[in-house]
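Inspection log for the structure reproduced underneath, given as structure tokens.
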Amino acid sequence: QVQLAESGGGLVQAGGSLRLSCTASVSIDGITVMDWFRQIQGREREFVARSTGGGKADYANSVKGRFTISRDNAQNTMTLEMSSLKPEDTAVYYCRALYGGIAYWGQGSQVTVSS
């Protein structure tokens, strides 16, 4: 069983920056895949960024060059640094961890970007 606690998010003007954090209840050394998804109102949840073992990262085209995913294994925390935010980035952001063949989700964090 893994619990993921998200923090960060909020309201920011277009062009601004925000940070989201996702802290796991277990050591993330043993979690190969951790990622971020977002759900824009009225739409399906979509992939944002992924961190796999060895420091490899992948990004959705819509956020590439603006968002950075990272891990702090000592703090069991994954972070999403978001910069040059756009109104279309407004969504509820969810972290996810794949552990033991099961997907665990954070509670969701609202990010609102005003124009």
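Values for this structure:
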{"quantity": "The range 42-114: GluC sites (Glu not before Pro) falling in loop per DSSP and having at most 10 other Cβ within 10 Å", "calculated": "44"}
{"quantity": "Prolate/oblate/rounded label for the range 50-115 (Cα gyration tensor, a/c 1.5)", "calculated": "prolate"}
{"quantity": "Distribution of pairwise C-alpha distances over the range 1-48, 5 Å bins, in %", "calculated": "5, 14, 20, 23, 21, 10, 6, 1"}
{"quantity": "Rough spin-label spacing in nm, given labels placed 7 Å along Cα→Cβ, for residue 103 and residue 115", "calculated": "3.2"}
{"quantity": "Viscosity 0.890 mPa s, temperature 25 °C, Stokes-Einstein D of the chain from Kirkwood C-alpha radius, µm²/s", "calculated": "175"}
{"quantity": "For the chain: relative contact order, % (alpha-carbon pairs under 8 angstrom, 6 or more apart)", "calculated": "37"}
{"quantity": "The range 65-115: chymotrypsin sites (Phe, Trp or Tyr not before Pro) in DSSP coil with no more than 15 other Cβ atoms inside 10 Å", "calculated": "none"}
{"quantity": "R0 of 22 Å, Cβ-Cβ distance residue 57-residue 25: FRET efficiency to nearest 0.05", "calculated": "0.45"}
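Read the figures in this text as sums done on the coordinates, not as results from a lab. Since the structure is predicted, the reported quantities are computational estimates derived from the model, not experimental observations. As a convention, Cβ positions derive from the backbone with ideal geometry for all residues, glycine included, and neighbour counts pool all protein chains shown.
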